[in-house]
Every structure is written in structure tokens, then in C-alpha cells.
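Beneath this line is the structure, given in C-alpha cells, with notes to follow.
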């Protein structure tokens, strides 16, 4: 058996119930006790561990138990040949957990005379120069504040050099300068969630091993890139923790919520951010207060939930495809339409397929809210095939009423069923011509899919037309407005079950870059035409007059 007091301290904190750990860290302790701490051929270099901790606490900040625990495993060696047991260290924690601060301490120490290895060069790598410089700049500033450190290290804006060991700390970008000039002893890869493959990683670690002992540090929070480098690292980590890989293939320290529902209990937040464990430092208490403010803001701004879950709780929602609004928020659109007679509005259409559905509408601004008048058209053949429209008596037996009670909506005047081979574009134009008698339609907005047919007809009828060239691009721009609108009950559809159905069918798909697109939950029967029509109208609704304060985010431009 081997032991180190900082390792023992951290394990005891968990076993005594003083800190909470997520499943991955519980697995880590179990794995360490069974496969690592039980070995006789390893040893902790306690002197080096103490020196690193003292160095960090003297020049940087007081180290927390989890940070001392991590440092201990940086200096775990084989007895026989003094090789490091862990070459690869994987630290994944929620935003604010001090990953950059700790790596600043470790890298600064490793180039110092206390580590004592000549020319033990270290590169800090990230996708952007600003991120790559984060830890480097911290060490640069620490040296600048200390007379003794100035006598031990030379610093420039691009590298820090130990005067005694000639070891160099340097930052690099993953797509810029690569391995030229330095044969590194260690490499740090920061914000690894942004890496789509291991291509850049391979380039930077290709020089490792020429200077002993080689080390690799992979640090960051989770992100939106799926099936990329980070996901492969997480898979490897789980294999190690489950005993399915070589015991020292990776040291995985993963902090995250176990379940999305745990977000609502603040005591669980330390699972994703060990800095929040009690007793909290002044920094940790300030961090907790900041996270609490962000959490409370989610009630009014749900568009930030994915970001909060991913970055603060280190738990991307497993299913990143979500409804556009809660059902109670969709139901809240059932507000009486105000008197809009002769009011100015934006006309909008969604006419994606002339063989099934088409929707047209008018979007208004009225006392800070957004009333919407709409009508849809559906081809009879399509309605018969997918909704049993003509089978009035046995629609429920056919199981298709669940998708859409087309006949009921037709009787309520919410849609029109047309018995034609295709929906006639002139039918759409005629609806707007009729509405023009009651409302001032400033312009008509639609995407470019069918506008080559509709635009000449609209212009002939005297309407101004705006074509959205890339309709999916406006989804990301409008997502905050849409989410805030539903959350704050700002959308008025009247008692319109068809619009509620359209809206409930919308799938919010989050792309790898974090941008959102509105798609269908089911490609054929669960239509979204009315909702897409509404979004087209929102695109230019700011051009309409309104005497009340609007809720649009300041940083959104259209």
C-alpha cells in the first residue's frame, strides 16, 4: 500500500460526508484504492508534492483539498525507474473551478529550480491565443509582483524562462506554430471541448518523451462539440475507471452533475465545481453568489439554460433537441386578441411545400406584446392520408386524430382544406389582399424556397416583399426573443389550437457551434408551418411602431 496525506485527506472528506462527489469521482476513488494505492511498486514523491503546494500557496493562492489531491498524482512514480505513473492528466470541471489557476501553479513549478530538471520546457495550447495566454499571463503577472521571482525567472510577453534550469514556459495556438523550437517536457491543452479531433494534439505531443518525465494535461469544461476529441477522452476515462483499460492510461478527474434535475438543489453544485465545497473561501463564496444569480436569471431568460448546464454544471443536456417552449407557456398564448383594426403589421408566410401545408399571418406590436393573426391551408389528399380527414366517423379508431383534428379546425375557421393537386399560390395572395382591407400590411416576409413564385404575384397586388435568403440563420438570431416571448407571455395567438399544435411540434436543435435551428419533432405529420410563419414575421417586427418598452435583447441585431 502507498499513501500521501493529501490523497488520504481528500478521500476521508468524502467518506465522512463533508463533501459531495459525482459518480465519476466516486469511481475514481474506488479505482485508485483497488488498482493504484494498493500497489507496492509505486511511490509518491512527498518532497516534490510539498514543494509544489508551498510554491503555489506562497506565490499564487491558498490551495483547496481537491487541488492538493490533483498535485499529488502529478508526482506519482514507479520505484524501479522513477518514471511518472500518470503521463496524461484529464481535469474536467465546471466554469470557475480554478482549472487555469491550478495549471499556472503546476506549470510554473515544473520549470522552476524546485523541480530541478534542466530544459523542462512546457507549452500551453488552446484554439485561440487569448485562451492559450490565460495561465501564461497569470504566471507572468505573479513574477512581475515579486522581487524574488524576478531574480529567478526571465519573462517576456511570449515566454517565461527559469534562469537556473533554462526551462521555458510558452503558449501556442493549436492551429498556429506547432512543435518547432522546443522539445517539451510537458504540454497543456486548454478548453479541449473545442477540439474536433486529435490532429492538433498529436502534433504537439510528438516531441514528448525526449525530456523525462513527459506529462500531458487536458483541462476544460464540457461544450457543444459532440463526437469530437473531448467525447473520446471521456470514453477513455470511463474505461479506466471501470477497469477496462490500462490503470495508468489516464488520470481522470471529472466533476459534473449526475442528473439534470440536481441543478435545483444548490448543495449539489459542488459535484460540478469542487471549489464550492464547504468551508468556502472568499473566492468560492463570491463564485457561488455569481452562479446563484445566473441560476435565478434562468427563470426569466431560459435561453441560457443550455449554457448554464454545460459550463457551470459541466453537464450538457444529453438530448440537445428540445421543445421551443413549455406547454404551459404555449397555452399562455391563449389571450384575447386586442382591437387591431387599421394597425400596422408585418405579413409573413411559410410555404415550404405546395403539396401539404401553407401558413400565412400578420404580426403586430401592441403594448409591448406580439399579437398574431394567422390562417393555414392544407391539401385534402394530404389531410386524408395522414389525418383521416374524410373519415369523419372513424378518425379516432384510425389513431390519427392524435396528430391533428383537421376537420374541427376547419369548422372553427382556423384552416382551409383545398381539393387541388397543389396549393395555389394565388390563394395565399388573395388572403393578404382581403386582410389589407382591415390592417396596414407594411411588407410581406417569407423565405426564398417558394418566393420565386409568390413574389411576382404579391408585387402585382401592390405589396412590398422581403425574401429571407437563409431562413435557418435567423433562427439563432431570434432564439432569445422567441424564448423570452414565451416565458414572459408576450405572444398572443388568441384561442388558436392549431397554432398551439404547430408550436408544440417544433424541435429546437442545437448545432455543434451552439446555434439553434427550429425543425420538426416528426418529419411528416407534426407540421410547424404556422410557427415558422410567425418567426418570419418576428424577423422584421422591430420596424413596427409601439409606444411601450420592448423586450428585445440589446445585442441582437437584425
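See the values below:
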quantity	calculated
Paramagnetic label zone (point 7 Å from Cα along Cα-to-C-beta, residue 39; backbone N under 15 Å) in segment 229-267	240-241, 243-252
Rel. contact order, % - alpha carbon contacts under 8 angstrom, at least six apart, the chain	14
Angle between the chain longest axis and helix 5-15 axis [Cα atoms, degrees, rounded to 10]	40
Order of 272, 277 under a 10 Å beta carbon neighbour criterion, fewest first	277, 272
Cα gyration tensor shape for segment 202-244, rounded if a/c is under 1.5, else prolate or oblate	oblate
Label point at residue 424 placed 7 Å out along Cα→Cβ; residues across segment 442-457 whose backbone nitrogen lies under 16 Å	454, 457
Beta bridges by DSSP in segment 417-558, antiparallel share as percent, to the nearest 5	55
Sorted by Cβ neighbour density within 10 Å, fewest at the top, the residues 348, 52	52, 348
FRET efficiency estimate (nearest 0.05) - Cβ-Cβ, residue 23 to residue 546, R0 60 angstrom	0.75
Mean ellipticity per residue at 222 nm, deg cm²/dmol - from DSSP H runs of n ≥ 4 across the chain, formula -39500 (n - 2.57)	-10500 deg cm²/dmol
Label of the coordinate-derived value, Cα extents along the principal axes in Å, listed as [x] 86, 58, 54; [y] 87, 52, 41; [z] 77, 58, 42	[y]
Spin-label model distance (nm) - residue 212 vs residue 146, 7 Å beyond Cα toward Cβ	2.9
Nearest-ten-degree value, helix 129-144 long axis tilted from longest Cα axis of the chain	40
Rounded to 10°, Cα long-axis angle of helix 23-35 versus longest principal axis of the chain	30
Sorted by Cβ neighbour density within 10 Å, fewest at the top, the residues 312, 500, 145	145, 500, 312
Beta bridges per DSSP with both ends in the chain, % antiparallel, nearest 5	45
Size descriptor, Kirkwood hydrodynamic radius, that averages inverse alpha-carbon separations across segment 217-290, Å	14.3
Global geometry of segment 327-543, whether rounded, prolate or oblate, following the gyration tensor of its Cα atoms and the 1.5 cut on a/c	rounded
Cα gyration tensor, segment 1-107 - rounded (a/c under 1.5), prolate or oblate	oblate
Relative counts (whole %) of C-alpha pair distances in segment 5-289, using bins that are 10 Å wide	6, 29, 38, 23, 4, 0
Segment 274-364 - Kirkwood radius from inverse mean 1/r over Cα pairs (Å)	17.9
Spin-label pair residue 199/residue 2, simplified geometry with 7 Å Cα→Cβ offset, distance in nm	3.8
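Each value in this text was obtained by applying a stated rule to the coordinates, not by laboratory testing. Note that the coordinates shown come from a computational prediction; the quantities given were computed from them, not determined experimentally. Here the Cβ is made from the backbone with ideal geometry for all residues, glycine too, and neighbour counts use every protein chain on show.
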